[in-house]
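Note sheet for the following structure.
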Amino acid sequence: MYEQILAQLREYVSEAGLATGDRLPSERYLAEQLGVSRASIKQAIVVLEVQGLVEIRHGGGTFLRQDSLTMEPISTLVERRRRLPDVLDAREALETKVAELAALRRTAEDLTALDAALETMRTDIADGGLGEDGDRRFHAAVTTAAHSELLAEFMHEISEQVAESRHESLQQPDRPARSLAQHERIASAIREQDSQSAVTAMREHIATVSRVRLLSWNPEEQ
């Protein structure tokens, strides 16, 4: 039933010619058009919000964040919800240490790589993107700057999960610009060889990454 309602909403958006930034009709109207209950529509919209496909503005309605509602299977979403806390724990444990070592061991070449990654992220965000590639390159540059083969191996082992958490975070409203600012603070601490500030800045960044709509969603209540 759940998947059917989401599919109906996808078809409705397509047939109505709605695009990024457009407001969805009211829950009452959608329920009448699709022949389902308002509660079912409300639950489906929550799932769309969790996937970053719509933005719910309290008192203002629900707005499309993409031109189409191309959705993941609910089972995939539930599985990602299950494993994300473990991924974030691993990121905090590993990446704070990596940032500390990077501040102590970075070379001029490492700083150049950090700056290049920041510029990539900055340009993409200015063009309306999420800055994912620049984000990925930045964290890879921090890992390289730590000059620890074993930590680099650990980071490589969880790279797919890190990428997943990165995408989850950057699709939150207004998150890309905030993430860029946090990366700039991490880079500044590494440049100044201030290891404690690098740890603090990285920990604050991971804490922000953990604040995603997915983790406040309880599929058991749907």
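The values are calculated or read from the model by the stated rules, or taken from the named source; none is laboratory data. This is a predicted model, so every value here is computed, not measured. Here Cβ is always computed from backbone atoms with ideal geometry, including for glycine, and neighbour counts include all displayed protein chains. Note: areas computed on protein heavy atoms with side chains; ligands, DNA, RNA excluded. Shrake-Rupley method; radii C 1.70, N 1.55, O 1.52, S 1.80 Å.
A few remarks follow.
- In a residue-by-residue description of the stretch 98-119, the property of being hydroxyl-bearing (Ser, Thr, Tyr), under 30 Å from residue 160 (Cα atoms) and touching a residue at least 40 places away in the same chain (Cβ under 8 Å) applies to no position.
- Hey, residue 10 under 18 Å from residue 214 (Cα atoms), assigned to a helix (DSSP H, G or I) and among the charged types (D, E, K, R) or not: no
- Screening the candidates 168, 153, 157 for the property of being of a type in the set (D, E, K, R) and either buried (at least 22 other Cβ atoms within 10 Å of the Cβ) or in contact (Cβ under 8 Å) with a residue 12 or more places away in the chain (or both) yields one hit, 168.
- Residue among 194, 124 that is farther than 26 Å from residue 66 by Cβ, out of contact with any Cys (no Cβ under 6 Å at 6 or more places or on another chain) and open to solvent by 40 Å² or more (accessible area, probe 1.4 Å): 194
- Residue match in the stretch 116-124 (condition: within 27 Å of residue 215 (Cα to Cα) and of a type in the set (S, T, N, Q)): no
- Residue check for residue 31: of a type in the set (Gly, Ala, Ser), surrounded by 16 or more Cβ atoms within 10 Å (Cβ to Cβ) and within 30 Å of residue 149 (Cα to Cα): no
- If you go through the stretch 43-97 and keep only what is touching a residue at least 60 places away in the same chain (Cβ under 8 Å), assigned to a helix (DSSP H, G or I) and polar (S, T, N, Q), you end up with 43, 96.
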